[in-house]
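Input: a single structure, listed below in structure tokens.
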């Protein structure tokens, strides 16, 4: 038992009945139930008590009047005490008092004859007959209470205390007045006493009458007693009872029928009243058929709320029936949820319905899992479809190889390679299915699916998403760049093993297909980027893109190199004249455009990194690859040109071969002088176009290498040119030299014989000059810039031959020597003329070889005539 | 109802009255002293009564606190309350200059009602925890207290700073005055008044 409650504070300490009082103190019990009594000013206020804490109770004061204790009684502490008191007072409702109650003021405001009524009804007469008007100053009630505890001044009260009354009402009345009052009171008491007797006197007649009546009544009762015995009402009771049974018998039948009718009516009424419930199963069926699930759920929920707790058997049965239908519906919906493809909205709707149906296992999650399965399935299906498709076509192709004549048109008409269409379809499927999965998951975790999201499943979902993305990227890798897949991985087989790129496939230009594939994957990536996917998932695609791009670049460059190597077959030997250079064929231009186009394509598709892609420029190995490939590309031209020089060994017409060699030379030179240097600039501008900020980086990593590649290509080209030059010279010089000796000794000519002096040089000399002029013309026609180089070699060869021939002469006759020196002079003058067109240093070189031949000739005797001869020749 | 006999056995009662403008924290001080609780929400008081036993310098006494209304609406009924008070805590808020100015009026009203210059009276500056919003300087308040010849104490009903001090200081002052009174006119005080009333009868 706890301590008794004690009240130590009250707020406010006074007020009219109904005042909200806050009571404070100690030990107010352990809770609202602990309080079993609250008394304010002797009136029970427990009903209004509001337990706040063991120190505070809020209650409304009762009708108690004047100052009184506040007593709290608790179960645990018993009856309590108080140190403060509450004073209740009744407010007099007057004309000036604010009140929420309408006060009938007619008797207060009334005038004239009504006035007389007012005092008696409103104010009690003073028992002393004294006027109360002079009692202006009221005696404080508290002091009265202190003076006269346990009593009060109310006239009707048991504890009436005259002293209180006098102090309260007449404490300022004079003693004489009080005495007069006393006598007035005495007089009134006397008057009342006298009044009783006079009352009887005035009504004597009626009193006697009443007495007579009472006597008569007594007589009758005594008579009846003797007549019926002591129990006068027994027979009466009997007859009343028999009458009652008789009446009961009469109405029994009617009542029974009435009961039956009532029962039927009741049943009908219930059926009518609970029509909703009884129709529920059929309504549910109807709505399920109409697929109006919202209505079904609504109806069911309503029925459950209304009758879920019912004890009535009929209702229970109907509810069970309805429940069975709801269960069926739930199963049906769950099945439907697992059916694909379905739109996101539809799925959300079904999930909401299922949630409303209180489906036990998280339907939203089931749906996500199902969608995930569906996703991966669809991707694998796509792969299988194309793998199967490609397999028989492969078989057919091998058939075609066996029977080349048949169906060759069919395979060539199939322009789009299988795996490219596969990629496109895979991409289509992925972009249609995967965002749904993702959105569904997002909606699930955002709580939009009407279920509380299980945050533990977030990881699992993330894994699913990653899984799907990985499958997608692996499938693409398997199809396009199988070398990037881990061959040893146990899952390798499930992504499909495609045949290596077949010849037909590469014939169509794998590079351009790669560009297409790359674009497809890129659009897919861009779409994924808008989805706000986890970083890992995006990274998977980004890596795929990176590999694809590298591969694309590689294949594009390799293919171009291949194309260029095969350029030779496209040569048509049509001449084009270039102002600054001379004549060339189309090859250099084709080469240039191909290289530029290829690089342009590479730049556009591969290097231009789009949103959130790796920058290939920053990858050292990629740059290395690029360098090697560019070098290969450039080499291929040299190779092509060289092949051209060597390929037509079997050509019958020599002149065309010479021509071709010459053109090849010209091409080489043009490429070297004009195209390669421009490449350096173009390559850089092409590749660096979008990477100006990377220039430093590029310089550090790859730029020197690239120029080295060009340099290497240049070296190779120079070598090729050299070889071509050799070949050309061989073609040209051989016959030229070959005819010198027969021509010199034609007609059994002998240098030692005396020859008749003529004013002309010998025909062999003329022939040499003519031939040299022919070569000069041929070369100059194609490329003037080649003239000095070729002629220099030709002249050297001729001079060497002449030197050889003269050294073989045993003896010169005088005239022979004269003739020989004239010939040599003529030749050197002719070459001097040729050399004049070129620069002066060359002139020196030209004159030297002939001097060797001239040395072989004995000194002349008559130099005058020679001068003459020379002039003649030159004029000629 | 407690009988008169039990009341007489109770320890001596010191009647304290809280005065001051509305919202300065009279009720907060009272409730903090009585029940160690700080009431955050403001609800204007009409007239609250509290009484409990406390140990004053080793002697058990009862403190009766009458928490009056600060609002002007109730100004007319103050006279009645003030008459029964033995000591006054005149409270103002250091964040409200008007409340400080009003103390002058309260002081005058109390002196008029009690008709005695020499009463137990303490000037209390409440809400001293809100120093950053102070509007009434310490000197200003101290000057006024000095002028009246009463102590000035700053309190915080929120942090309970000096709360007990103001009540106990006031009770000590009341006790010493009562002792002075009995010394100077031993026979007269209360019994005399009672006799007078009997004579009227």
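Laboratory data are not the source of any read-out in this text; all were calculated from the coordinates shown. Not measured: the values here are computed from a predicted model. Glycine gets a Cβ as well: all are built from the backbone with ideal geometry, and neighbour counts include every protein chain shown.
Miscellaneous remarks
- Overall form of segment A:6-88 per C-alpha gyration tensor (a/c, 1.5; a/b vs b/c): prolate
- When the Cα gyration tensor is reduced to axis lengths a ≥ b ≥ c, the ratio a/c stays below 1.5 for segment B:10-184, which is therefore classed as rounded.
- Prolate/oblate/rounded call for segment A:133-234, Cα gyration tensor, a/c under 1.5 rounded: oblate
- The distance from the alpha carbon centre of segment A:199-229 to that of segment A:241-317 is 65 Å, rounded to a whole number.
- Counting, for every residue in B:49-59, the Cβ atoms of other protein chains within 10 Å of its Cβ and taking the mean gives 4.
- Residue order, fewest to most surrounding Cβ atoms within 10 angstrom, among A:211, A:770, A:725: A:211, A:770, A:725
- Principal-axis tilt of helix B:138-148 within chain B, Cα atoms, nearest 10 degrees: 30 degrees
- The mean number of Cβ atoms from other chains found within 10 Å of a Cβ in peptide A:8-18 is 5, as a whole number.
- Peptide A:141-147 has a mean of 2 when you count, residue by residue, the C-beta atoms of other protein chains within 10 Å of its C-beta.
- Cα-based helix-to-principal-axis angle, B:189-200 vs chain B, degrees rounded to 10: 60 degrees
- Neighbour-count ranking [beta-carbon atoms within 10 angstrom, fewest first] of A:51, A:438: A:51, A:438
- Compared with the dominant Cα axis of chain B, that is its longest principal axis, helix B:97-114 is turned about 10°.
- Entry note, segment B:10-184: relative contact order of 25 percent, from Cα contacts under 8 Å with a spacing of 6+ residues.
- Order of A:183, A:743 - criterion: other Cβ atoms within 10 Å of each residue's Cβ, fewest first: A:183, A:743
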